[in-house]
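Reviewing the structure listed below.
The values are calculated or read from the model by the stated rules, or taken from the named source; none is laboratory data. This structure is a prediction, so every number in the text was calculated from the model and none was measured. Methodologically, a virtual Cβ is constructed for each residue, glycine included, from the backbone with ideal geometry; neighbour enumeration extends over all protein chains shown. The protein model used for the area step is the full one, side chains on, heavy atoms only, and it has no ligands, DNA or RNA in it. Shrake-Rupley method; radii C 1.70, N 1.55, O 1.52, S 1.80 Å.
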There are 4 protein chains.
Amino acid sequence: MCRFLVYRGREILVSDLLAGSEQSLIRQSYQAREREEPLNGDGFGVGWYAHDIDPVPGVFTSTRPAWSNRNLRRLAEKIRSTCILAHVRAASPGSSVTEANCHPFQYDHFLWMQNGVIPEFVRVQRRLRKRLADEFYNMIQGTTDTEHAFALFLHKLRKHLHDYNLDTLQRTLAKTIRDLTKLHRETGSRETAFFNFALTDGHNIIASRFASDPHVEPQSLYIAQGRRFVCTDGVYDMTPADGRVEAVILASEPLTSDREDWTPIPANHLVTISPELHVDLVPLD
Amino acid sequence: MCRFLVYRGREILVSDLLAGSEQSLIRQSYQAREREEPLNGDGFGVGWYAHDIDPVPGVFTSTRPAWSNRNLRRLAEKIRSTCILAHVRAASPGSSVTEANCHPFQYDHFLWMQNGVIPEFVRVQRRLRKRLADEFYNMIQGTTDTEHAFALFLHKLRKHLHDYNLDTLQRTLAKTIRDLTKLHRETGSRETAFFNFALTDGHNIIASRFASDPHVEPQSLYIAQGRRFVCTDGVYDMTPADGRVEAVILASEPLTSDREDWTPIPANHLVTISPELHVDLVPLD
Amino acid sequence: MCRFLVYRGREILVSDLLAGSEQSLIRQSYQAREREEPLNGDGFGVGWYAHDIDPVPGVFTSTRPAWSNRNLRRLAEKIRSTCILAHVRAASPGSSVTEANCHPFQYDHFLWMQNGVIPEFVRVQRRLRKRLADEFYNMIQGTTDTEHAFALFLHKLRKHLHDYNLDTLQRTLAKTIRDLTKLHRETGSRETAFFNFALTDGHNIIASRFASDPHVEPQSLYIAQGRRFVCTDGVYDMTPADGRVEAVILASEPLTSDREDWTPIPANHLVTISPELHVDLVPLD
Amino acid sequence: MCRFLVYRGREILVSDLLAGSEQSLIRQSYQAREREEPLNGDGFGVGWYAHDIDPVPGVFTSTRPAWSNRNLRRLAEKIRSTCILAHVRAASPGSSVTEANCHPFQYDHFLWMQNGVIPEFVRVQRRLRKRLADEFYNMIQGTTDTEHAFALFLHKLRKHLHDYNLDTLQRTLAKTIRDLTKLHRETGSRETAFFNFALTDGHNIIASRFASDPHVEPQSLYIAQGRRFVCTDGVYDMTPADGRVEAVILASEPLTSDREDWTPIPANHLVTISPELHVDLVPLD
């Protein structure tokens, strides 16, 4: 599986967020801690919003590992944003390392990514695609379960692509996960499906921490809130909010050494972050 | 569109075939002659058979242009084969330059490539995929019309994948082209579809030169036969057969200056080359 | 050789500058007009300044052609700057298409690029490197004449890297060209060297149009000045300055159809653009 | 540092050698055992000889990790050789992941690679280059200590590039290591230099296991000899020689579970393998 993070809050330099420290996501690309297999070297991606330009996010992806990518390093030092997603990939077996398979996936003003897996996705793919309206059927460029799940989410949201609120997004994601679980179960597979999705439009954020088998621990997912996320001399710090939250991070692994900053998202829950940075948890049934 | 060639005959060094001369396919990657737009810089691919190892061909593809690829140059100087395919790509609008979209496409012991286009393929894609058995539905990795057409061809051949002769292949390709034309027409598109396909299993070769509108000239395709295809001091030569054909080349453009060596395949015909290098033409209705 | 452009003036979106029109630099990557060989497909690079972040420019380069690069397209739509350089490369023989050979080259707050060639550069390289202080000797990562020329320029400026004005830069570039010409002549080569260099620090710009043989026409280089450079519905326009120049472009080829907007830089001249966008020409002896 | 292997003996399929098993070099690209940092994801390279074609070896390199490279997998299944080198890279700090920095390095009929490091190589580079004849000075394309060391080796051998025996090669490598150690020491650096080099011409092989500080353990290096190296159902086996050695492997880590097959090369020794597969050890002073 993979590692990801979502940031929203005060404007921050991408390199301060991704490359600053020993706990950084770029570090996790070759030395993740909370996974048996510590390597996420099958490409990466960064997405960010420039609201002063237009609502469509910028995206930079590569099939090369994040840790040695000169373009990533140079771009990250020049891009500032109030909403940033990043993903380092460990490809599922059978899903190749190609450009079309790099997260995050973008559609219009949305970005989507996943740390998870539908086991034997090839057996799900066809029935999933059948359900899609042409627009979402045709947007699919690669072979990942993640991109297909995104198409399903968008299909479910299709009548409200520009007319929704956080609640709409949350209910649509819940339905998407329910559908994916059903599609997976119908293959007869007894393996557990894991769905840590994250979606944003640059203002609203929703994410899930889910395992299809309630007795199995989902992939890790944490949230931190504070006044400001800063990187000083290679050390990350989330300064306390004291009532005024101005920075929120969702991440597969804590980015600061002080683990008290990081609250695990409970198993089989959605987390929503409103444009005003209000955080809520919603159980998935 | 693109440029391609197929070689079968005496063992030849790949670099002698692809890189030796001013008329070479690698030259055509940046300076094709028989096309308005002379550039084929959207990646390339080479496929070849090593019958002494196994029936599955080797394939080397890249999204970088052929003309500057050091790996291609080095490999080509070390690989010899009796059956070689090569392709330089000019991507159709909407079909991105990714690894999964590079020709030739391989399935089991088959190689497939195309110089052509289904206009507005995105409107054909879904209905084409519906017809495919799961095995061929799931083999599709990219978004090209070519790979989808290959899946359709294999689907039609599915009961005879290891039990066919040149005649079977020829009839299956004819049916595939008929189907693709029909699928394209059903979209309501009035543009012309062009299908210069080439398929081989390392022994048999079939190719087409086809335009869906009989009043429109298909993309160019030539055949040359001789005793031996050689490259001496940057000059290609096909030595006359004098009754013993031991080298046959199908190519989008003549490779030697002596155009008399090169017979155009007539419009809307298939050409078949038997394992004994016997060449036949079959009209497509 | 290559094609390049430098922009300075009002903030502009990189994609409006590079991708907007039929005359755009990205178009020139596969269809340059003022050269015999119209192809510049051996990689590209973009550099830009974000003065609100720091003085070091951002750089994005790739060995793949500009025309099909999804990352370039996506980034260009999200980056705005008052100072932008871009380059599409046609590699000199012997200088390979590798990441380390992509223009523009960056050192501290400087960007440098070239459309030109030192013939038989390999015979110049060693003697050039001998002259360099360690810092500039060691900065060289690739094998291009351009990067070596940059090291020589920086070496000559070394005592004033942060303490110079436009005049200093202009004299240093003139000396660099004189030295390169001398180094080239000492090899005994009778071929003409071409040096269209461009250098900027984000505020000052200098460029050259030079051929070592005064009877030979240098590579083309044009300048346009106006109130604003805009791209509307695929058409570039430089609106007249009417006394207030707020946008200046140096480019290998005119970007607008109205060639009257574009003044050729005279042969064997330097052109300087001050932080206030004042343009001057200085003859090279 | 890195992991490498050299094979000489009966013809073997590259994929059987590199990809067959849990101990394979491709596995070592993401899970090396005998190193603190288990990752070698900064590109890879394979070199092989096709003596029936010419004496110059084929080389395939990539800056992408070996484990996910489709071209590598496909090529490896089609290339057979009696002499194969392979290398997975963990870049030294400061030496970037570019094509020009991938091992093995080729010059004429020689291949060269390294698992090791000259600390602070940038301070050695200039003085090393000064010693080189133009031919070897100009062959350098990248920035690795390895390529520079190769140039020094070739320079020392320059009068005997086509007229040498194993003894010549062995003495030249010893001298090269002595020189590199001296060059390194002259920088004042107190860090240990590690030099596990391997060189072949397709017939003779020499390699070193060396640390400049005799109290420090060099990087690991093993040798195995047998009748045949085979890969059956994912298990490597070196069948006993019983007096007739027909396969020899030098490798950074044992490739089979049976560690008795693998003899460590003693610290600060050269190992030589003759065209007849006779193995000798020579102490380095």
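A few remarks follow.
- Close amide-amide hydrogen proximity is noted between D:ASN40 and D:TYR30, D:GLN31, D:ALA32, each under 5 Å apart and 5 or more residues distant or on a separate chain (H modeled in the peptide plane; Pro and chain starts excluded).
- For A:THR187, the label point sits 7 Å beyond Cα toward Cβ; its separations from the matching points on the remaining copies run 3.0, 5.2, 5.9 nm, from shortest to longest.
- Total formal charge among the other residues, if their Cβ is under 14 angstrom from that of A:SER212, Lys/Arg +1 and Asp/Glu -1: -3
- Kirkwood hydrodynamic radius of region C:202-285, from inverse mean 1/r over distinct Cα pairs, in Å: 13.6
- Averaged over the residues of peptide C:96-105, the number of Cβ atoms from other protein chains lying within 10 Å of each residue's Cβ is 4.
- Evaluating 6.51 cos²θ - 1.76 cosθ + 1.60 at θ = phi - 60° for every residue in region A:210-218, the Karplus couplings come out as 8, 10, 5, 9, x, 8, 10, 6, x Hz, glycine and proline recorded as x.
- Averaged per residue, region A:143-285 has 43 square angstrom of accessible surface, using a 1.4 angstrom probe with ligands and nucleic acids left out.
- Formal net charge of residues neighbouring D:ASN69 (Cβ-Cβ distance under 12 Å; K, R +1; D, E -1): +3
- Amide hydrogen neighbours beyond the local backbone of A:ARG3, cut-off 5 Å, H modeled: A:VAL88, A:ALA90
- Seen through its C-alpha gyration tensor, with square-root eigenvalues sorted a ≥ b ≥ c, chain C comes out rounded because a/c lies under 1.5.
- Packing-based order for C:171-178, A:182-189, using average beta carbon neighbours within 10 Å, highest first: C:171-178, A:182-189
- Inter-chain neighbour count for D:59-71: the average number of beta-carbon atoms from partner chains within 10 Å of each residue's beta-carbon is 6.
- Label point 7 Å beyond Cα along the C-beta direction, distances from D:GLU11 to other copies (nm, shortest first): 0.7, 6.5, 6.6
- Near C:VAL235, no amide H atom lies under 5 Å from its own; only residues 5 or more places off or on other chains count, and H is placed 1.01 Å from N.
- Helix C:166-186 axis, angle to chain C major axis (alpha carbon atoms, nearest 10°): 50
- Both numbers refer to the Cα atoms of the protein assembly as shown; Rg and Dmax are 30.2, 93 Å.
- Peptide B:141-148 has a mean of 2 when you count, residue by residue, the C-beta atoms of other protein chains within 10 Å of its C-beta.
- Using a 7 Å Cα-to-Cβ projection, C:HIS160 label spacings across copies, nm, ascending: 5.5, 6.5, 8.1
- Buried area at the A:C interface is about 2100 square angstrom, summed over both chains, from accessible surfaces computed with a 1.4 angstrom probe.
- The simple Förster model, with R0 at 30 Å and r as the Cβ-Cβ distance, assigns D:VAL216 and C:GLU135 a FRET efficiency of 0.45.
- 3J(HN,Hα) along region A:147-157: 5, 5, 5, 4, 4, 5, 4, 5, 4, 5, 8 Hz, from the Karplus curve 6.51 cos²θ - 1.76 cosθ + 1.60 with θ = phi - 60°, whole Hz, x for Gly and Pro.
- Debye log10 I(q)/I(0) for region A:128-239, one point scatterer per Cα, at q = 0.20, 0.22 Å⁻¹: -1.14, -1.28
- Anisotropy class of region D:1-122 from Cα gyration tensor, a/c 1.5 cut: oblate
- The share of accessible area on chain B that comes from carbon and sulfur is 47 percent, using a 1.4 angstrom probe.
- The phi-based Karplus calculation (6.51 cos²θ - 1.76 cosθ + 1.60; θ = phi - 60°) puts the 3J(HN,Hα) values of region D:102-119 at 7, 8, x, 9, 10, 9, 6, 8, 9, 10, 9, 8, 8, 10, x, 6, 9, x Hz, whole numbers, x for Gly and Pro.
- The A:ARG228 and C:ARG171 beta-carbon pair, evaluated with R₀ = 60 Å, returns a calculated FRET efficiency of approximately 0.80.
- Each semi-axis of the equivalent ellipsoid for region B:119-172 is √(5λ) with λ an eigenvalue of the Cα gyration tensor; in descending order they amount to 22, 12, 9 Å.
- Gyration tensor verdict on region C:42-187 (Cα atoms; rounded if a/c is under 1.5, prolate if a/b is larger than b/c, oblate otherwise): oblate
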